[in-house]
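Step one of this worksheet: look at the structure below.
A short reminder: the numbers here are calculations on the coordinates, not readings from a lab. Just so it is clear, the structure is predicted and the values come from calculations on it, not from any experiment. Cβ: placed from backbone, ideal geometry, glycine included. Neighbour counts: every protein chain shown.
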Amino acid sequence: MSDFEFIKFSREGGRADLKFSNPPYNLLTGEMLEEIVRALDTLRDDETLKVLLIQGEGDTFCGGVRTEDITADSIGTLMPHYSRVYNHLNDIRGVVVSAVLGEASGFGCELAAFCDVCIAGNNAMFSFPQIQLGLFPPIATAILPRLIGRNRAIDWIVSGRRVTAKEAMEASMVARTVPDLALTQFADAYAERINSFSAPAVVLAKRAVDEALYTPVMDALRTTESLYMLDLMNSLDPTEGLKASLEDRDPVWKNK
């Protein structure tokens, strides 16, 4: 799509790419949030989408919102945009990957953490500085305890300190780290790897994990078994994948 000023967005086959493009720090504005919402709206509930890769242009993932925009008057306008961003991300069936280079601060850090997989450069830094302004990060308070535990989440949020990529990975917010100079290439290859697989397998695997995480264990087992036997095994791709393995060839996905 070419009608965006503050982001770069593209979709080809089972992969979509969204890049923050508001140099030098990719600070978010109301206009930029509107563009993100418009881009994500095209991907909601699309079962052919396997992976969305979110990155920042330049040396910063996202520096959050400009301090001057966080006022009692303006926040009432910005918050609905925030809510729509996360609602749209939550509605995406494929895997959402954030690739963090440099700073991920405030909203940028919340968004990176909200993604299904967060990959970071070795020197990436994560922070929730809102506490220094007499505020707290509302999205982080909801998702961080699930990712890193209650006490650690409180530490990160109320101290406002900067967390290294290494610490974020050890805390399970970041899935893996790579050298900064290799991040773009690694993230692209990671997205392409997911994009090479069967769409039903990717979409249903993510759904099964979420069902298992957010429901009691035995209920989750029944749900994931149903997804596996009724939804996945009734698609064409499992048969093709097994047959291709036996024939020592690459699979040709039918439900891609």
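Worth pointing out:
- Sorted by Cβ density within 10 Å, fewest first, the residues MET169, MET229: MET229, MET169
- Just so you know, the Cα atoms of region 7-195 work out to an Rg and Dmax of 15.4, 45 Å.
- 20 Å cut-off, amide nitrogen to a point 7 angstrom out along ASP91 Cα→Cβ, residues in region 34-61: 34-54
- Under 16 Å of direct C-alpha separation, and excluding same-chain neighbours fewer than eight residues apart, LYS8 reaches these aspartates and glutamates: ASP17, GLU31, GLU34, GLU35, ASP41, GLU57, ASP59, ASP188.
- Take every Cα pair under 8 Å whose residues are at least 6 apart in sequence, average their separation, divide by the length of the chain, and the relative contact order is 16 percent.
- For region 157-172, Karplus couplings with θ = phi - 60° (6.51, -1.76, 1.60), whole Hz, Gly/Pro x: 6, 7, 8, x, 6, 8, 10, 6, 4, 4, 5, 5, 6, 5, 8, 6
- Distance between modelled label sites at ARG38 and SER226, nm, 7 Å Cα→Cβ extension: 4.0 nm
- Across all directions, the average flat footprint of the convex hull enclosing the Cα atoms of region 199-246 is 3.4 nm².
- Net charge of neighbours whose Cβ lies under 9 Å from the Cβ of LEU40, counting Lys and Arg as +1 and Asp and Glu as -1: +1
- Set of aspartates and glutamates near LYS206 by C-alpha distance (under 18 Å), chain-local residues within fewer than 8 positions excluded: ASP45, ASP46, GLU47, ASP91, ASP116, GLU192, ASP219, GLU225, ASP231, ASP237
- Under the combined filter of DSSP loop state and at most 15 neighbouring Cβ atoms within 10 Å, region 20-107 retains these GluC sites (Glu not before Pro): GLU47.
- Cut-off under 5 Å, modelled amide H: who pairs with VAL100 long-range: ILE119, ALA120, GLY121
- Note on THR164 and ASP250: the model spin-label points, each 7 Å out from Cα along the C-beta direction, lie 4.0 nm apart.
- Comparing GLY106, GLY134, GLY63 in a Gaussian network model of the chain (Cα springs below 10 Å), the most mobile by mean-square fluctuation is GLY134.
- Förster radius 25 Å - calculated FRET efficiency between ALA212 and ASP180 (Cβ-Cβ, nearest 0.05): 0.15
- The chain - share of DSSP beta bridges that are antiparallel (%, nearest 5): 25 percent
- Fewest-first ranking of LYS206, LYS166, LYS50, using other Cβ atoms within 10 Å as the exposure measure: LYS166, LYS206, LYS50
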